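The values are calculated or read from the model by the stated rules, or taken from the named source; none is laboratory data. Note that this is a predicted model, so its numbers are computed, not measured. A quick note on method: Cβ atoms are made from the backbone with ideal geometry, for glycine too, and the neighbour counts reach across all protein chains shown. For the accessible areas, the whole protein counts, side chains as well, though only heavy atoms, and no ligand, DNA or RNA atoms are used. Shrake-Rupley method; radii C 1.70, N 1.55, O 1.52, S 1.80 Å.
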Amino acid sequence: MKVLPFAFDIRSRKECEAFTKEVSTIPITVLINNAGLAAGRESFAEANVDDWEAMIDTNVKGLLYITRGILPGMVARKNGHIVNLGSIAGHAVYPNGSVYCATKFAVRALNESLRIDTLGSGIRVTSIDPGMTETEFSLVRFKGDSH
């Protein structure tokens, strides 16, 4: 299996469309959507709306843009595997995580819907939903604050 790394802004529809156009002649068999962002831990009433937009753009729209660009080729070849990184937050909410949880519930719904839409097409859809673990993810979420 050959891995092709690319760097672009997953939040940008234009960049995602340019990427999928660039790779349209490559028979992609595995798509791993692992972009994810959690920002802030304020209550809903106190949360930063810019953080909401960043999470929605990354966690939901980015996944949609890339999957929409890659899936038609998989369907045409009747072969492919889409792996989406969700979160346990897509199964159960927690305090001060409303929008992040909402984005991960969206990923879960998209996985279930994609499974139905691709039934019988030779496409597999897998969701990996990790729970809490110690990684740099928290440093990003708390904007560098490790406490």
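What to note about this one:
- Max mean-square fluctuation residue, GNM over the chain, Cα-Cα springs under 10 Å, options D129, D117, D51: D117
- Fluctuation leader among A109, A45, A89 - the chain, Gaussian network, Cα springs under 10 angstrom: A45
- Extension gain for M132 to A35 (0.36 nm times residue separation, less C-alpha to C-alpha distance): 33.3 nm.
- Eligible aspartates and glutamates near K104 by straight Cα distance, threshold 18 Å, same-chain separation 8 or greater: E42, D50, D51, E53, D57, E112, D129
- Only Cα pairs under 8 Å and 6+ residues apart enter the sum, and on that basis the relative contact order of the chain stands at 28 percent.
- Distance between the modelled labels on M1 and V49, one decimal in nanometres: 4.2 nm (7 Å Cα→Cβ projection).
- Mean projection of the Cα convex hull over all viewing directions, computed for the chain: 9.5 nm².
- A 1.4 Å probe run over the protein chains yields, for the stretch 1-133, 60 Å² of accessible area per residue, whole-number rounding.
- If the chain linking A92 and K21 were pulled fully straight, counting 0.36 nm for each residue of separation and taking away their Cα-Cα distance, it would gain 21.9 nm.
- A cut-off under 13 angstrom between Cβ atoms defines the neighbours of I26, and their net charge, with Lys, Arg +1 and Asp, Glu -1, is +2.
- The stretch 30-70, relative contact order in percent, only Cα pairs under 8 angstrom and at least six apart counted: 47
- Here the Gaussian network model covers the chain, with springs between Cα atoms less than 10 Å apart; of G131, G90, G73, G131 fluctuates the most.
- Mean Kyte hydropathy of 0.5 or more with a Cα span along the axis of at least 20 Å, helices from DSSP in the chain: 62-77
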